[in-house]
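The values are calculated or read from the model by the stated rules, or taken from the named source; none is laboratory data. Keep in mind the model is a prediction, meaning the values are calculated, not measured. Note: ideal-geometry Cβ built from the backbone for every residue, glycine included; neighbour counts use all protein chains shown. These accessible areas exclude ligands, DNA and RNA; they are computed on the full protein's heavy atoms, side chains included. Shrake-Rupley method; radii C 1.70, N 1.55, O 1.52, S 1.80 Å.
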Amino acid sequence: MNNKKLFFILHNYWKQSQGGAELQAYYLEQAAMQKGWETHYFFLSNNKGYEKPVGTFLHPIKRKRVWTKLGDISYPYMWQLWRTLEQTAPDVIYQRCGTALTGVAAYFAQRHKRKLIFHVASDRDVYPKPFAWQKPHSIFEYKMTEYGILHADSIIAQTQYQADILAQNFKKKAIVIPNGHPVPRDCRKKNDKILILWIGNWKPVKRPELFIELAKKIGQMKDTRLTMLGRTDNYDALVATARKNNVNVLGEVDNRKVNELLENAHLLVNTSAHEGFSNTFIQAWMRRVPVLSLQVDPDNLIRNKGIGYCTGSLDSLISTTKELVLDHRKRDLMGKKAREYALRHLTLQNMDRILNVMHIGDR
């Protein structure tokens, strides 16, 4: 048994906010406990109820509205984090997604001779934050984030692209370990009704309006259904427009339901401006679903492995979607390649690789 303490720091907890970073942290937490780690989880609570996990010690800190109104800042909670770290005395700290809390974790690790693993959550983490003088309260957040990245003991990137940009901008070397998911049962597709999915919380970077533009062009194709998943906060007008164009808007659903829908889906469309290594890509590929991405292609996997298309323009996305709706054989071949690639490279074995990083060069 390991008997060491592993301390997670994320903005959110999986049972309260089911985002990609939280899902990967959950898988890592489960793998760590199986290997004997004592796991702790510090997060900013959104006050929603959640089921308490078995085996993990939770350290929620209540979000305060006064700070939430100022935007995505975390430094007001740095003292609560510091006290929790001192009380817990972890051996290894795992922090995902760059925030001021990354800096707090790095300083604690240095002072107490512990180890900090920083895990890149999206491409934004590997670019220095610009100084927004119209938001002077954010400057300290940015400086603390950069301090944390520069002083982390080990950094894990999701893609080689992230590792290269990190080396360029921060002069730091990263270990590349893609996200990992459980291997589902195989699922052959019926071609009588084609289901096209869009998955993501509705916000500017995800650009849900572009999927609706796609729907306007292909929504009338015979035996074709379009469905959008994810929180739709403040998007009531766009939701109404989507439904007028034959899009089934389901809103936020849990991860189990996402996987059920992917089992019966034929195409996953992504319209994001940028991502890390999207969990939905992996979930789709494991279930024989090619990805049609407007702009995001992690390490050019979609292009190079023949497991979808990265189109580069909305017109091309529309024409490519039409093509794959009609060409069952081509779509099925892409789905076969996608599952084969995911099962070789994107399983939960990647959690073991991350845990191995925690043992390299132990302090």
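Of the residues 317, 262, 343, which single one is surrounded by 16 or more Cβ atoms within 10 Å (Cβ to Cβ), modelled with pLDDT of 95 or more and out of contact with any Pro (no Cβ under 9 Å at 6 or more places or on another chain)? So that I can check it myself, show each step before the final result.
Working: 262 fails: out of contact with any Pro (no Cβ under 9 Å at 6 or more places or on another chain); 343 fails: surrounded by 16 or more Cβ atoms within 10 Å (Cβ to Cβ).
Checking each option against the conditions leaves just 317.
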Those strands (runs of 3 or more DSSP E) completely within the stretch 222-276 that have 2 or more residues that are more than 22 Å from residue 295 (Cβ to Cβ) are 224-229, 247-251
Out of all the residues in the stretch 170-187, is one or more touching a Leu at 6+ places or on another chain (Cβ under 7 Å) and in a helix (DSSP H, G or I)?
-> yes
Selection from the stretch 27-46 of residues among the small types (Gly, Ala, Ser) and farther than 22 Å from residue 100 by Cα yields 31, 32, 36
Conditions (1) in contact with a helix residue (DSSP H, G or I) (Cβ under 7 Å, 6 or more places away or on another chain); (2) over 23 Å from residue 26 (Cα atoms); (3) at pLDDT 95 or above -> residue 240 fails only (1)
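A quick yes/no check of all residues on (1) among the small types (Gly, Ala, Ser); (2) open to solvent by 20 Å² or more (accessible area, probe 1.4 Å); (3) in contact with a strand residue (DSSP E or B) (Cβ under 9 Å, 6 or more places away or on another chain):
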residue: 144; (1), (2), (3): no, yes, no
residue: 168; (1), (2), (3): no, yes, no
residue: 177; (1), (2), (3): no, no, yes
residue: 188; (1), (2), (3): no, yes, no
residue: 215; (1), (2), (3): yes, no, yes
residue: 219; (1), (2), (3): yes, no, yes
residue: 230; (1), (2), (3): yes, no, yes
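Do we have any residue at all in the stretch 74-93 that's over 25 Å from residue 149 (Cβ atoms), more than 24 Å from the chain's Cα centre (by Cα) and surrounded by 18 or more Cβ atoms within 10 Å (Cβ to Cβ)? Working first, answer last.
Initially, the stretch 74-93 is screened for residues over 25 Å from residue 149 (Cβ atoms), giving 87.
With the extra rule that they be more than 24 Å from the chain's Cα centre (by Cα), the set shrinks to 87.
Next cut, surrounded by 18 or more Cβ atoms within 10 Å (Cβ to Cβ) only: none.
The answer is no, given that none of the residues of the stretch 74-93 is over 25 Å from residue 149 (Cβ atoms), more than 24 Å from the chain's Cα centre (by Cα) and surrounded by 18 or more Cβ atoms within 10 Å (Cβ to Cβ).
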Quick count over the stretch 241-256, residues being open to solvent by 50 Å² or more (accessible area, probe 1.4 Å) and farther than 16 Å from residue 202 by Cα, is 3
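Scanning for something within 16 Å of residue 124 (Cα to Cα), out of contact with any strand residue (DSSP E or B) (no Cβ under 7 Å at 6 or more places or on another chain), open to solvent by 10 Å² or more (accessible area, probe 1.4 Å) and in contact (Cβ under 8 Å) with a residue 60 or more places away in the chain, does the stretch 205-213 turn up at least one residue?
Filtering the stretch 205-213 down to residues within 16 Å of residue 124 (Cα to Cα) leaves 205-206.
Now drop any that are not out of contact with any strand residue (DSSP E or B) (no Cβ under 7 Å at 6 or more places or on another chain), which leaves 205-206.
The next check asks that each one be open to solvent by 10 Å² or more (accessible area, probe 1.4 Å); those that pass are 205-206.
After this cut, where a residue has to be in contact (Cβ under 8 Å) with a residue 60 or more places away in the chain as well, the list is 205-206.
Looking for residues that are within 16 Å of residue 124 (Cα to Cα), out of contact with any strand residue (DSSP E or B) (no Cβ under 7 Å at 6 or more places or on another chain), open to solvent by 10 Å² or more (accessible area, probe 1.4 Å) and in contact (Cβ under 8 Å) with a residue 60 or more places away in the chain, one finds at least one in the stretch 205-213, hence yes.
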Those residues of the stretch 28-47 which are in contact with a strand residue (DSSP E or B) (Cβ under 8 Å, 6 or more places away or on another chain), of a type outside the set (Gly, Ala, Ser) and either assigned to a helix (DSSP H, G or I) or without any contact (Cβ under 8 Å) to a residue 12 or more places away in the chain (or both) amount to 28, 29, 33
Of the listed residues (291, 296), the one being buried (at least 21 other Cβ atoms within 10 Å of the Cβ) and under 17 Å from the mean Cα position of the chain (by Cα) is 291
Output for Cβ contacts, cut-off 8 Å, separation at least six or different chains, first residue of a type in the set (Val, Ile, Thr) in the stretch 244-268, second open to solvent by 70 Å² or more (accessible area, probe 1.4 Å), reads 249/243
Scanning the stretch 115-162 residue by residue, those assigned to a helix (DSSP H, G or I), free of Cβ contacts under 8 Å to residues at least 60 places away in the same chain and of a type in the set (Phe, Trp, Tyr) turn out to be 142, 147
In the stretch 1-27, anything over 16 Å from residue 353 (Cβ atoms), open to solvent by 10 Å² or more (accessible area, probe 1.4 Å) and in a helix (DSSP H, G or I) is listed as 20, 21, 22, 26
Is it fair to say residue 199 is aliphatic (A, V, I, L, M) and open to solvent by 10 Å² or more (accessible area, probe 1.4 Å)?
yes
In the stretch 103-114, anything touching a residue at least 60 places away in the same chain (Cβ under 8 Å) and open to solvent by less than 10 Å² (accessible area, probe 1.4 Å) is listed as 105
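Pull up the stretch 140-190, narrow it to residues that are of a type in the set (Gly, Ala, Ser) and touching a Phe, Trp or Tyr at 6+ places or on another chain (Cβ under 7 Å), then point me to the one that is nearest to residue 289 (Cα to Cα). Outline the logic, then answer.
As a first pass, look at the stretch 140-190 and keep what is of a type in the set (Gly, Ala, Ser): 148, 152, 154, 157, 163, 167, 174, 180.
Retained after the next criterion (residues that are touching a Phe, Trp or Tyr at 6+ places or on another chain (Cβ under 7 Å)): 148, 152, 180.
Numbers: 148: 38, 152: 37, 180: 17 Å.
Per the stated criteria, the residue is 180.
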